[in-house]
Amino acid sequence: MFSRKCILVWLFSLFFFPASAFASLNEVKITASDPGSEDLFGEYVSISGDYAVVGAYKNDSGKGSVYVFKKDGEAWVEETKLQGADLSAGDWFGRAVAIDGDYIVVGAYIQNASRGAVYVFKRDGADWSQQAKLAHPEASDNDFLGFSVDISGDTIVASAHGEDDAGENSGAVYVFKRDGEAWAQQAKLAPSDLGAGNLFGRNVSIDGDYIATGAYAQGAKGAGYIFKRTGDIWTQQVKIPGPPSLGGFAKWAAISGEFAVFYCNLSAYIFKRTGTDWTQQEILRPAMDHLESGRIEAPRFSLKGNTIVLGYYTEDGEGGQLDAGAAYIYQSDGQSWTQVHKLTASDPGADDFFGKGVSVDGDYVLVGAVQDDLAAKIDAGSAYIYKFQDTPQTTLTIVPDNTIPVIGDTLCFDVNIADSDGLYSSAFDLTYDPTALQYQGASEGNFLNSDSGATFFEASLLNNDPSAGIVVVGVSRVADIGEVAGSGTIATVCFSVIGGSGADTSVGIDNGHFEGAEPGTPVDVIEGEDPVVPVEIGVPVNLLVTDPGTLDRLDLSWDVLTDASGYEVYRATSSGGTFTLIGTTASNSYQDSDCILTNVAYYYKIKAISAAGNSTGAFSGEASGMAIGLAGDINKDNRVDGRDLTLLARAFNTVTGDADYNCQADLDRSERIDGDDLVILAASFGDQV
């Protein structure tokens, strides 16, 4: 039987180290199918999966264009050229670009007297079409919306550093969120300490629920800001002041996973998140032999996962080409960052500005050479795509089987290994939050016994203590038949979801030990990010709406949700219409007496409130009800008489919001008390139940 102590003695430690995957890089050069002089193709670039996006904002008399390339084997082929539907000369469409999955976002910050705009394109097969044009309702001249853009999933962030809310050019950041096919503004971000000329939000970056930006002109130093989203609310998580002796901190910003990067003084300042705290981890600045101080320009950089690309576009080429440019790639092992490659174009030229646009995603780096001359096309621009060429590294990932569990669900995690050259045994601690998860059990995966070899497997709570939140897992091949190569699942660990509704829960690996067939031969493993799973509250069911016979009320009831601290009640005046929040309740019932008109159908939905106070769940099904009564019975006494006429007369010619407006007298629901209501009352005058 394995014990945790035996496992620790039996195996060597898990190694994390910077990847050497950049030892060889394959280069592909891409250009526009219709290059023009001074197009500046490549100054703003973005890459995601099999797609690369390159802006050429001076193309077509300054209207600007964006070119989309798709990977085809080892080649990259131009798939389409995009332009906004309403562009004019000088709009500079493509001055900012970003892609994530099937969506491309493009900024045109000069458009409409520099109010600016953001365009959204969606892919359907091989076709890209404009889905939306985004602006903000209070736009003014020189707001510069779209100077910088980024996208993560269903959320877009866009800069507007010329906004004047806190003084001229104080700045703001806009957040837009997609609901189905529609995009709407979710938030406008501006910290409380902004002042005139701060230029907050000049560059923006988003990853999931985090946004990084800066106010590089704030005071003598500048400052970086990180915002976090909880539910639909964005709040400032931290302000990071610039170094005391330097200015212009956070002119450029990037965020990915647990890392945020801010530019200052030719250097990239890296901050790492632990919980809610961000601490400076390192300052990156490559040793450059060919950068003249008189021509120093701010580097461009891109951050994704544990990889940073820094573009120094005014560095001279090895052959003496002035401003040929270069880009530097760094990777992190979680503790420190190491330069793993320096990129230069295979055909460098003077003033090419290689590195003025950079982007990284997965195995690919995209670098723009914005002033590359193409034959007679001066400053047409080009871009280079590099793929990491090396033996794949062995990786370890934890994959949940349910991305949105509710309390009461079973939630299992597969511990997967990929690209292993050979594994004989493994052991690790799987850590979890015992207030959210209760350990059920574990089973061996299919990897180490994939060739029908015999294995020994054990998993148990550390010291049999469920409050410790640690499951100790060990598995080893027991026959001397060698190790297993390839990819597969090492173990599956299952839990019951018992808490955490409205919050995130996660699991992780500690004390990992992986070994080859020869005793004492460690297997080097790169561990992926710990998965974060949002625990959702349940959905209310069996909603029932009844008429209690009081003429001015409808009663609602539904089944109790054990993980709910309360419920929100929504009402609409038509089936599938716009549902408006009308109240909350701590119980599973609600009495709606908010201007209930007789003989009128009302429609309801319920949403549960989590223990954390968030309404994170989905709507219940729709239910409707009607209070039956006499048309014109304003005072609800079961007859239509002079008293009802008096009430209508007192409210006559008033509208919703007036002090004398009586919603019960609004018999035709027109939000005005007028002759139409009088006609309805007269038609029933004298009637009684």
- Looking at segment 641-661, is at least one residue at pLDDT 90 or above, outside any loop (DSSP other than H, G, I, E, B), more than 18 Å from ASP677 (Cα to Cα) and open to solvent by 20 Å² or more (accessible area, probe 1.4 Å)? no
- Inside segment 665-689, can you point out the residues that are part of a loop (DSSP other than H, G, I, E, B) and farther than 16 Å from THR598 by Cα? ILE673, ASP674, GLY686
- Message: If I ask for residues that are surrounded by fewer than 18 Cβ atoms within 10 Å (Cβ to Cβ) and modelled with pLDDT of 90 or more, which ones from segment 594-622 would you list?
- Response: ALA601, GLY621, GLU622
- Selected residue (only one of ASP150, ASP154, ASP209 is under 16 Å from LYS251 (Cα atoms), modelled with pLDDT of 95 or more and open to solvent by 10 Å² or more (accessible area, probe 1.4 Å)): ASP150
- For segment 157-188, which residues satisfy the criterion of being open to solvent by 20 Å² or more (accessible area, probe 1.4 Å), assigned to a loop (DSSP other than H, G, I, E, B) and either closer than 27 Å to ASP361 by Cα or hydroxyl-bearing (Ser, Thr, Tyr) (or both)? GLY180, GLU181
- Pick from segment 21-36 the residues that are surrounded by 15 or more Cβ atoms within 10 Å (Cβ to Cβ), part of a loop (DSSP other than H, G, I, E, B) and of a type outside the set (D, E, K, R): which of them is modelled with the lowest pLDDT? ALA21
- Task: Can you tell me which residue within segment 369-392, out of those that are polar (S, T, N, Q) and buried (at least 17 other Cβ atoms within 10 Å of the Cβ), is farthest from ASP433 (Cα to Cα)?
- Result: GLN371
- Note on the structure: Filtering segment 503-540 down to residues that are open to solvent by less than 20 Å² (accessible area, probe 1.4 Å) and assigned to a loop (DSSP other than H, G, I, E, B) yields VAL507, GLY516, VAL523, VAL525, PRO531, ILE537, GLY538, PRO540
- Task: Check ALA375 against each of (1) at positive phi; (2) touching a residue at least 12 places away in the same chain (Cβ under 8 Å); (3) of a type in the set (A, V, I, L, M, F, W, C) and name the one condition it does not meet.
- Result: (2)
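If you take the residues of segment 556-576 that are among the small types (Gly, Ala, Ser) and open to solvent by less than 30 Å² (accessible area, probe 1.4 Å), which of them is nearest to VAL406 (Cα to Cα)? Steps first, please.
Filtering segment 556-576 down to residues among the small types (Gly, Ala, Ser) leaves 557, 564-566, 572, 574-576.
Still in the list and also open to solvent by less than 30 Å² (accessible area, probe 1.4 Å): 564, 566, 572.
Numbers: ALA564: 11, GLY566: 16, ALA572: 27 Å.
For segment 556-576, the residue satisfying everything is ALA564.
Criterion first (at pLDDT below 90, assigned to a loop (DSSP other than H, G, I, E, B) and in contact with a His (Cβ under 9 Å, 6 or more places away or on another chain)) does GLY334 satisfy it?
On the way: at pLDDT below 90: yes; assigned to a loop (DSSP other than H, G, I, E, B): yes; in contact with a His (Cβ under 9 Å, 6 or more places away or on another chain): no.
When the stated conditions are applied, GLY334 does not pass them.
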- Message: Tally up the residues in segment 617-640 that are over 19 Å from ILE673 (Cβ atoms) and either part of a strand (DSSP E or B) or in contact with a Ser or Thr (Cβ under 8 Å, 6 or more places away or on another chain) (or both), please.
- Response: 9
- Task: Check ILE255, ILE226, ILE240 and return the single one that is more than 29 Å from LYS133 (Cβ to Cβ), in contact with a strand residue (DSSP E or B) (Cβ under 8 Å, 6 or more places away or on another chain), open to solvent by less than 30 Å² (accessible area, probe 1.4 Å) and touching a residue at least 12 places away in the same chain (Cβ under 8 Å).
- Result: ILE240
- Note on the structure: Within segment 100-145, of all residues that are on the phi > 0 side of the Ramachandran plot and part of a loop (DSSP other than H, G, I, E, B), the one most open to solvent (accessible area, probe 1.4 Å) is ASN142
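The values are calculated or read from the model by the stated rules, or taken from the named source; none is laboratory data. Just so it is clear, the structure is predicted and the values come from calculations on it, not from any experiment. As a convention, Cβ positions derive from the backbone with ideal geometry for all residues, glycine included, and neighbour counts pool all protein chains shown. The accessibility values were calculated without ligands, DNA or RNA, using every heavy atom of the protein model including side chains. Shrake-Rupley method; radii C 1.70, N 1.55, O 1.52, S 1.80 Å.
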